[in-house]
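The values are calculated or read from the model by the stated rules, or taken from the named source; none is laboratory data. If you're wondering where the values come from, they're calculated on a predicted model, not measured in any experiment. All Cβ positions, glycine included, derive from the backbone under ideal geometry; neighbour counts span all protein chains shown.
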Amino acid sequence: MSWGVNSMAGKLEKVAMRRPGAILSANATEWHYAKEIDPHALSSQYQAFIDAVEASGAEIIYLPEHDDGLADSIFTYDPSFMVPGGAVVLRPGKDLRIAEAKVHADFYESHGIPILGSIEAPGKIEGGDCFWLDETTIAVGRGFRTNTSGIEQLATIVKPLEIELAVFDLPYHLGPEACLHLMSVVSPLDADLALVHPPLMPTALYELMLEKGYTLLAAPAEEFDASLGLNLNVLATSPRNVIAVDGFKGTVQLMRDAGCVVTTFVADELCIPCEGGPTCLTRPLVRSNL
């Protein structure tokens, strides 16, 4: 098996996910959720998301469930990042999530997936701040969850693979307690198409993506605000085939007008209050464009 990823929209073949556990009884204030969670509704919505991922043809490999109190561990995109040939174990910038790095490392070891490197303190970096700009370039956002040390360590790990980082500073926006990732404002739908929120997007990244031939779809600002940014969090399961949060018609229509096939699911418990959308709920392990 050739493990690895070097795009955001190649056919999703294998993906790591973790079923709801500690999040079902999490203290909303402690975890910075917008409301107390309805565990039954959240579980039902997670199953709907599973159904959508499986319908795409992707194989889901579940991280083991333990009573570890890691409420955010359902959002498997953040504690590690896949590159060609294996995984990089990251170090989350949210203190409550730091222990998730070991969960991912143990998962990779148990499945024989090579670990090519790990981010060590004082470095911090979360997957939500990283996306494949093209097959040899990872765009990385420096902000409250990802610092210079983490970025430098990642650059060193991927250099032997002839992969470069393009680094962009994120705005303060709602401050250090909120979750503003680079992928909060950019969601690739194809190798040359992305959904974006221009008011919070680094100008240099906006210009670079245009230079690289991307068409950038500006999602309705009012839907970004109403969804706490989750209308923009879209998972591509293959080029222009995507899974999105239900309820934001303008965003969905924008993608459909650009030739995307859009599957939606209700996520007013699973995603919107918890600051994590369809992309966040997955850690792609294999995409077939490699």
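Looking at the structure I just gave you, is VAL234 under 18 Å from GLN45 (Cα atoms), surrounded by 22 or more Cβ atoms within 10 Å (Cβ to Cβ) and β-branched (Val, Ile, Thr)?
Working: under 18 Å from GLN45 (Cα atoms): yes; surrounded by 22 or more Cβ atoms within 10 Å (Cβ to Cβ): yes; β-branched (Val, Ile, Thr): yes.
Answer is yes for this residue.
Mind telling me which of the residues ALA9, ALA87, ALA101, ALA22 ends up being touching a Ser or Thr at 6+ places or on another chain (Cβ under 8 Å) and free of Cβ contacts under 8 Å to residues at least 24 places away in the same chain?
Answer to the check: ALA101.
Here are the criteria: (1) β-branched (Val, Ile, Thr); (2) assigned to a helix (DSSP H, G or I); (3) touching a strand residue (DSSP E or B) at 6+ places or on another chain (Cβ under 6 Å). Tell me which single one ILE50 does not satisfy.
Every condition holds for ILE50 apart from (3).
Can you name every residue in the stretch 4-38 that is of a type outside the set (A, V, I, L, M, F, W, C) and under 22 Å from PRO176 (Cα atoms)?
Across the stretch 4-38, the qualifying residues are ASN27, THR29, GLU30, HIS32, TYR33, LYS35, GLU36.
Being surrounded by fewer than 19 Cβ atoms within 10 Å (Cβ to Cβ), among the charged types (D, E, K, R) and in contact (Cβ under 8 Å) with a residue 40 or more places away in the chain, is that true of even one residue in the stretch 211-228?
Within the stretch 211-228, one or more residues are surrounded by fewer than 19 Cβ atoms within 10 Å (Cβ to Cβ), among the charged types (D, E, K, R) and in contact (Cβ under 8 Å) with a residue 40 or more places away in the chain.
Go through (1) free of Cβ contacts under 8 Å to residues at least 40 places away in the same chain; (2) crowded, with 21+ Cβ neighbours inside 10 Å; (3) in contact with a Pro (Cβ under 7 Å, 6 or more places away or on another chain) for TYR206 and report which single condition fails.
It is condition (2) that TYR206 fails.
Is it fair to say GLY247 is more than 15 Å from the chain's Cα centre (by Cα), in a loop (DSSP other than H, G, I, E, B) and either without any contact (Cβ under 8 Å) to a residue 12 or more places away in the chain or closer than 30 Å to GLU30 by Cα (or both)?
Here the answer is yes, as GLY247 does meet what is asked.
Grab the strands (runs of 3 or more DSSP E) fully contained in the stretch 61-167, keeping just those with 3 or more residues being closer than 24 Å to PRO188 by Cα and at pLDDT 95 or above.
Passing ranges, in order: 80-83, 86-89, 130-134, 137-142.
Check the stretch 43-56 and report whether any residue there is crowded, with 21+ Cβ neighbours inside 10 Å and closer than 28 Å to GLY150 by Cβ.
no
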